[in-house]
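Structure first, commentary second.
The values are calculated or read from the model by the stated rules, or taken from the named source; none is laboratory data. Quick caveat: nothing in here was measured; it's all calculated off a predicted structure. Here the Cβ positions follow ideal geometry from the backbone for every residue, glycine too, while neighbour counts run over all protein chains shown. To get the accessible areas, we keep the full protein, side chains included, count just its heavy atoms, and leave off ligands, DNA and RNA. Shrake-Rupley method; radii C 1.70, N 1.55, O 1.52, S 1.80 Å.
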Amino acid sequence: MRFHEVASTSDELALMSGRSAKVTRLATLLAAAGPTETAAVVSWLSGELLQRQIGVGWASLRELPSPAQEPSLTIDRVQSSFDDIGATSGPGSQARRRTLLGDLFSAATAVEQAFLRRLLTGDLRQGALIGLMTDAVARAAAISLTEVRRAAMLSGDLPLVAATALTGGSEALAAFRLEVGRPVSPMLAQTASSTDDALTRLGGRAAFEWKLDGARIQVHRSGDEVAIFTRSLDDVTARMPEVVEAVRALDVRELVADGEVIALRTDGRPHPFQVTASRVGTRASSGSSTGKTGRIPAVTLTPFLFDVLHLDGVDLLDEPATERSAALAAVVSAGARVPRLITTDPAAAREFLADALRHGHEGVLAKSLTAAYEAGRRGAGWLKVKPVHTLDLVVLAVEWGSGRRKGTLSNIHLGARDPATGGFVMLGKTFKGMTDEVLAWQTKRFLELAAGPSDQWVVSLRPEQVVEIAFDGVQRSSRYPGGMALRFARVIGYRDDKRAEEADTIDAVRALYIE
């Protein structure tokens, strides 16, 4: 298959609004892919590389050759190039990587170059999300969606499942089983507006658990061997020797459990999220893959478990939450489990949320007592409740959109007012929360505010437009001059009733960070 077909399909998907039309287009493409091509096509159109990371970012893509006039690249050729780039290391590796990247881009047409650029920088937003892709795999292989979802859930690898389904059908998919040591895609939560809303949606009785401001983990143990995986299924065992030892101390032979790790202060309150995130990303010195000889870094991670998927030879995925909770409680002490409350009382649920917030955590999760573990899905059995912070900030610059947003100014740069200098301090970017009408309005508005140097992607603005931003918290960041960044920022609306000098200050943001 020509790579041009994948890139063109991505552009088509970006212009489609209906789910059914997207699934049909994806299924048509997958049905035409060869056995060695399917996994790459599924991964790329889901916005991921099969290699996950190959050491290429925006800086590597600043100077690229002119595009080819005619398409010649194949799926296998592009995949081979990614393999070669990712495997490049040692002295001279940067120059070698640039050469390989240049060779690939010089063979790509303009459409292919645009797709490659977005794919390599994590900016591919044409709408082929995992849910859509799963539907498309089922349709292309003429297999029930339930079978495909189940296999993807158990393997945590939709590209592999797609390739298996299209070559081996239902019989081949049936071979996927829960295996200790192989991570499972985690269950995710939908959002509820309040604990009252969550109780109503869960039938009037639910289990509430603290939503810790930590990092999701999945722990696997078989005998003395322990493996720790992140939410994205990356193996971080060597980075968490203290967690490995805590899991190894449990009185079990086999275990697959879901939980969080968090860096706690001496008073039991959490460090800022970025401390946990940085510690999760740091490899323990002299550590082995099982953490047996790893030296624990200065900042210690504390694990808290909240669900169990497998225990001593018994799969628990399909069991109701009450049975899984009882199984977890039988082998994990209360101090190592997430605080939990089962209630029908709205007032008790509200107080439980308030207590979680007082202890410095994000909020609570409300869970159905009868739901199975819907691995890899944002199931209705779990509902997250957490407060939303808002700030009035100033738009400092804006980036041209891609895909469906091509031709509009989309990703806005956010700044807080600095009373000490009279200037503004950048706190991050967002493209979320923008309707088509908002995109059209802001494109016109920001072109009127354009000022100063601009490049192909970013338009600098006069700092005049105030925007109300919702966000989940503030984290440390070395990327921005204020040393902080907003987490999960999204646009609520533009404030034409406010002047830039009335925007929130960097001091207000620091106060949230300190909290």
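Which value in nm describes the separation of the simple spin-label points at E501 and R487, placed 7 Å from the Cα toward the beta carbon?
3.5
Along its three principal axes, how long is the chain when you only count alpha carbons? Whole Å, largest extent first please.
Dimensions of the chain along the principal axes of its Cα atoms: 63, 61, 50 Å.
Given segment 68-154, report the % of alpha carbon pairs whose separation exceeds 19 Å.
Beyond 19 Å sits 57 percent of the P(r) for segment 68-154.
Quick check of the Kirkwood formula: for segment 44-99, what is the inverse mean of 1/r over all pairs of different Cα atoms, in Å?
It is 12.8 Å.
Residue separation times 0.36 nm, minus the C-alpha to C-alpha distance between S478 and S80: what's the value?
The S478-S80 span can extend by a further 139.9 nm.
If you stretched the chain out fully between A298 and E5, how much longer would it get, using 0.36 nm times the residue separation minus the C-alpha to C-alpha distance?
Full extension of this stretch gives 100.4 nm more.
So how much slack lies between S89 and E179, counting 0.36 nm per residue of separation and subtracting their Cα-Cα distance, in nm?
Once the chain is fully extended between S89 and E179, it gains 29.1 nm.
Please list, in order along segment 54-64, the HN-Hα scalar couplings obtained from phi with the Karplus expression 6.51 cos²θ - 1.76 cosθ + 1.60 (θ = phi - 60°), rounded to whole Hz, x for Gly and Pro.
These are the phi-based 3J(HN,Hα) values: 10, x, 10, x, 4, 4, 6, 10, 5, 10, 10 Hz.
Take the solvent-accessible surface of the protein heavy atoms, probe 1.4 Å, and return the percent of it on the chain that carbon and sulfur atoms account for.
51
Could you work out the percent of alpha carbon pairs in segment 303-449 separated by over 19 Å, rounded to a whole number?
Everything past 19 Å amounts to 69 percent.
Could you work out the helix-only [θ] at 222 nm for the chain, with each DSSP H run of four or more residues adding -39,500 (n - 2.57) and the total divided by the number of residues, to the nearest 500 deg cm²/dmol?
Using -39500 (n - 2.57) per qualifying helix, the result is -11000 deg cm²/dmol.
So what does log10 I(q)/I(0) come out to for segment 1-150 at q = 0.14, 0.19, 0.20 Å⁻¹, using the Debye formula with one equal point on every Cα and no solvent?
Listed by q, the Debye log ratios stand at -0.67, -1.15, -1.25.
How high is the relative contact order of the chain? Use alpha-carbon pairs under 8 Å, at least six apart in sequence, and give a whole percent.
It comes to 12 percent, rounded to a whole number.
In debye, nearest 20: dipole of the chain around its Cα centre with unit charges on the Cβ of K, R (+) and D, E (-)?
With only Lys, Arg, Asp and Glu charged at Cβ, the dipole is about 520 debye.
Going down the list K384/K406; K429/K498; K406/K429; K22/K429; K22/K386; K406/K444, which pairs span over 24 Å between their C-alpha atoms?
Pairs exceeding 24 Å: K384/K406; K22/K429; K22/K386.
Can you give the accessible area per residue of the chain, in Å², using a 1.4 Å probe?
45
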